[in-house]
1. Ordering Trp443, Trp478 by how much accessible area each has at a 1.4 Å probe, largest first, what is the list?
2. Can you tell me how much longer the chain between Ser422 and Leu198 gets when fully stretched, taken as 0.36 nm per residue apart minus their C-alpha distance, in nm with one decimal?
3. Label Thr302 and Phe560 with points 7 Å out from Cα along Cα→Cβ: what is the distance between them in nm?
4. Pulled fully out, how much extra length does the chain show between Asp393 and Phe475, if you take 0.36 nm times their separation in residues and subtract their Cα-Cα distance?
5. Divide by every residue of the chain the summed helix terms, -39500 (n - 2.57) for each DSSP H run of at least 4, and state the resulting mean residue ellipticity at 222 nm, rounded to the nearest 500 deg cm²/dmol.
6. For Lys133, list the aspartates and glutamates whose Cα falls under 14 Å from its own Cα; do not include residues on the same chain fewer than 8 positions away.
7. Taking R0 as 45 Å, what's the FRET efficiency between Arg105 and Ala585 from their Cβ-Cβ distance, rounded to 0.05?
8. Percent of accessible area on the chain owned by carbon and sulfur, 1.4 Å probe?
Amino acid sequence: MRWALLWLVGLPGVALNRSPAFAQPAASVAPAQLPLTAYGHLPSVDLIALSPDGSQFALVTTDEHSQQLQVRSTADSSLIALVGTGKAKLRSLQWAGNHHLLVTRSATAEVYGMTGPKREYFMALDFNVATRKLVPLLDGGNGDVVVRLNTVAAAPVARVIDGKPVAFVIGTTFPSDHGILTLFRVDLDSNRTRQLVLGNPATRHWLLDDAGVVAARVDMNESSGRWTLWTRRGNTLVRSMENTDPIDSPSLRGFGRTTGTVIVSQRVDDEYDYRELTLGEDHASPPIAELKNRSLVTDPKTELVIGTELQEGLDIRYRFLAAGDEAIWKAVVRGFPNAVVRLESWSDDRRKIMLRVEGGTAGAAYFLLDVASKHATWLANEYAEINSEDLGDKQSFSYPAADGLRIPAYLTLPPRQSSAKSLPLVVLAHGGPGARDEAGFDWWSQALASRGYAVLQPQFRGSTGFGNNFHAAGFGEWGRKMQTDLSDGVRYLAAAGKIDPKRVCIVGASYGGYAALAGVTLQSGIYRCAVSLAGPSDLRSMLSYEETATGGSRNQTLRFWQRFMGAKSSSDPALDAISPVKWAAKVNVPVLLIHGADDTIVQFSQSKEMATALTRAGRPTEVVKLADEDHWLSRSATRTAMLGAVGNFLNINLPVAKP
């Protein structure tokens, strides 16, 4: 299929340009099963971002041997600068002016002299495009301040002030024996750092205007649940909003639709509303209907809200407040039929737009749209080896849960199969549980479908993205209705004749890993096998670990988990009823446990304890320990190892061909 962009009726057409580009699309080949490594490798191209003036774009390229940060020209895709980044786990890229790139990476570590378990720490670096040097920020040895910890609490904020690129970074200092979030300014040309603002123990965030002046500050008392928003009036910060909610505190989302305003998201009567607040005032606007239940899209230069994003079924819908922006986007969407089009990045003047297009001729591909010339240029496929022939058809539908609640879901069929009939099924449960699967390309579900399985991704109650009432329906339903929502999907597909109910396996990661274990312990007779990747098995010990990691039981994190689990504390006996480790003797099907050795979110001990309980009950199982891996499968080698282990397990215990 050839993509071509067409403007609205009455405007000139726009051509799709396949050249120049810095890589060529993978050649079409005769239909054949791709190796799992094609899906398991990290994306060939990732974290792509346009420079403010639109003349350059930055991206991370990865193959099986190396990883690079590259800067290329938007005119002809020619290489301007590059630096090798080794095995660093890169998390974000952003431009600071047109000659500096701010890079955020993370590492799993224990810090000498600090108490507490291993954590995932984030660090910021600056890549100077002119000098080709990549240097760390907050390294403790520059400027007039010694930074006690070279980590950051959030991605840096970039500004150009008096023509000079500046990064504002939230780090940690130790005026006493406890760390305090502290705001720093780094002048990037000289790499000179100075401390701007020392927070207090409750400070969580600062919002900076285009001159680098603090426009707002958020304080949150974890113990009491007291949330306070301070905004600037003149040269001082005044208290603008206060709220006490142990779990659902309001949140500052950024600047509003007009200069001098901010957007606050607040839960009111079981729904989240966006409200606008003028800086220095103490009352917010009524809820803004056009923003309700949507993600916000901001202007790349001013950071004012200019539109919204909403996922609906297999599509992502953008709505822009200005008629001109809306017209351009409608033309873009029409030009990529049967595909999911995402706004990835754009220049300050919004005349060059980076698009991520999922579907069509590749799993996902990046295109550069020049609004002035009305041309869209293909740049690269996100996964170099995957073409349309390798993609299974992804369908969106919903089904009724036992209590009548409609459960949204995705079903991915094996490649080159247009309809489903008596297929073996993998139920792939997402993590969170306050999360969701997304429209468009998904490497894990496509990898499983490529082996011949139908893949069901239920958006069980408690998932986000379907309104707050749907999310709240999951409270207290961990291991209960959240679990039966999954098996209700199996029954629905079986009744429709799409899948073989005798050939179903449940697979998942994080909360999804828990759901896989619960599916063969708290339930029985539904699944022929189960695969848990980093799934918690003992909820008492999970919450006890969280208390240690977060410094006590009176904090928002613990209250969040307890609400979903329907528990009063980490020692609540009710947790045993929904902990798979307590019910290992009920398992009568094969179970595979996979876990990263450096997982700081769900400890490896959770899988180890489950394996011990299964062995003690006479149900020995295999444990795959992924060396040097975190909770998110951040490395190609371990992603590929996981897919290989799951593929082998399914081939033995759920063969595609009927026995």
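1. Final ranking, largest accessible area leading: Trp443, Trp478.
2. 74.4 nm
3. 3.3
4. Residue separation times 0.36 nm, minus the Cα-Cα distance, leaves 26.2 nm.
5. Here the helix-only value at 222 nm equals -5000 deg cm²/dmol.
6. By straight Cα distance, Lys133 reaches Asp189.
7. Efficiency, from the Cβ-Cβ distance: 0.55.
8. 51
The values are calculated or read from the model by the stated rules, or taken from the named source; none is laboratory data. Since the structure is predicted, the reported quantities are computational estimates derived from the model, not experimental observations. Neighbour counts run over all protein chains shown; Cβ positions are idealised from the backbone, glycine included. Surface areas here come from the heavy atoms of the whole protein model, side chains and all, with no ligands, DNA or RNA. Shrake-Rupley method; radii C 1.70, N 1.55, O 1.52, S 1.80 Å.
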